[in-house]
Amino acid sequence: MTWDEYKSGFDAYRSCLEKAGFTLFAPTRKDYLMDFGVPAAAVDSGDDARCYDYYWGQVDGKWQVDHD
């Protein structure tokens, strides 16, 4: 998996959250991962889990295993 594939999955996850009305806090690349904060309201509403699972969960998991 390439950085571009990982970043595309992250961008889709972030876009999904934005469509639901939420903005991630300070998304930046830190070493080989994306680092950011998730609004508590996005977690409470279930939108964070829904967006993560659909757009980024498998990509993020594979990326972390490949780059551990």
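Things to note:
- The set of residues from segment 16-45 being of a type in the set (S, T, N, Q) and touching a residue at least 12 places away in the same chain (Cβ under 8 Å) comprises THR23, SER45.
- Options ASP48, ASP68: the member that is at negative phi, touching a residue at least 24 places away in the same chain (Cβ under 8 Å) and of a type in the set (Asp, Glu): ASP48
- Residue that is most open to solvent (accessible area, probe 1.4 Å), among those in segment 1-32 that are within 22 Å of VAL65 (Cβ to Cβ) and among the aliphatic types (A, V, I, L, M): MET1
- Hits in segment 48-66 - residues which are of a type outside the set (Asp, Glu) and under 15 Å from CYS16 (Cβ atoms): ALA49, ARG50, CYS51, TYR52, TYR54, TYR55, TRP56, GLY57, GLN58, VAL59
- Residue satisfying condition, being out of contact with any Lys or Arg (no Cβ under 7 Å at 6 or more places or on another chain), modelled with pLDDT under 95, open to solvent by 80 Å² or more (accessible area, probe 1.4 Å) and of a type outside the set (Ser, Thr, Tyr), within set ASP35, ASP44, ASP68: ASP68
The values are calculated or read from the model by the stated rules, or taken from the named source; none is laboratory data. All values reported here derive from a predicted model rather than from experimental measurement. Cβ coordinates were reconstructed from backbone atoms using ideal geometry, including for glycine residues, and neighbour counts include every protein chain displayed. Accessible surface areas use protein heavy atoms only, side chains included; no ligands, DNA or RNA. Shrake-Rupley method; radii C 1.70, N 1.55, O 1.52, S 1.80 Å.
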